[in-house]
Amino acid sequence: MEIGDYLASAVGACAFIYITNWLSTTKQRYYFKHGISGTAQITALEETPVIYNDDSPVYQIHLIIKSEARICVIKQPFSYYNHPENGDVVNILIHPKNRDRALIVSNLSNGKVYLR
């Protein structure tokens, strides 16, 4: 392989990481601007095989949304060392158009903040 091949691979990898991060922050900004705040209790939490940014596994989380008294299943990446546990009460932002989508913002049980 020549240096040009390595350079092309590096540029492609950097572009992929940049686009992935941009989409993630765009999604977070949308939730912070338009999302409906609420609280929920985690009833089940399991790690999926998907890894985000080489250090954040994606968890499948079952929530009971208290304001609507219903169950919601979401997927969200967390770091290995800073993720909610079963039974935790969390602050969430609910998607305004699709109430089955939500984003966990912080943990009321232990004070940890997941998104800023």
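The values are calculated or read from the model by the stated rules, or taken from the named source; none is laboratory data. This is a predicted model, so every value here is computed, not measured. Here the Cβ is made from the backbone with ideal geometry for all residues, glycine too, and neighbour counts use every protein chain on show.
Just a few scattered comments:
- Residue check for Lys33: among the basic types (Lys, Arg), surrounded by fewer than 11 Cβ atoms within 10 Å (Cβ to Cβ) and either in a helix (DSSP H, G or I) or at pLDDT 80 or above (or both): yes
- Number of the exception - Ala8 against (1) modelled with pLDDT under 90; (2) closer than 28 Å to Lys97 by Cα; (3) surrounded by 10 or more Cβ atoms within 10 Å (Cβ to Cβ): (2)
- First in segment 28-52 and in contact (Cβ under 8 Å) with a residue 24 or more places away in the chain, second anywhere and assigned to a strand (DSSP E or B) and of a type in the set (Phe, Trp, Tyr), Cβ under 6 Å, 6 or more apart: Leu45/Tyr59
- Here is the figure for segment 45-92: residues that are surrounded by 15 or more Cβ atoms within 10 Å (Cβ to Cβ), in contact with a Leu (Cβ under 9 Å, 6 or more places away or on another chain), assigned to a strand (DSSP E or B) and of a type outside the set (Phe, Trp, Tyr) total 9.
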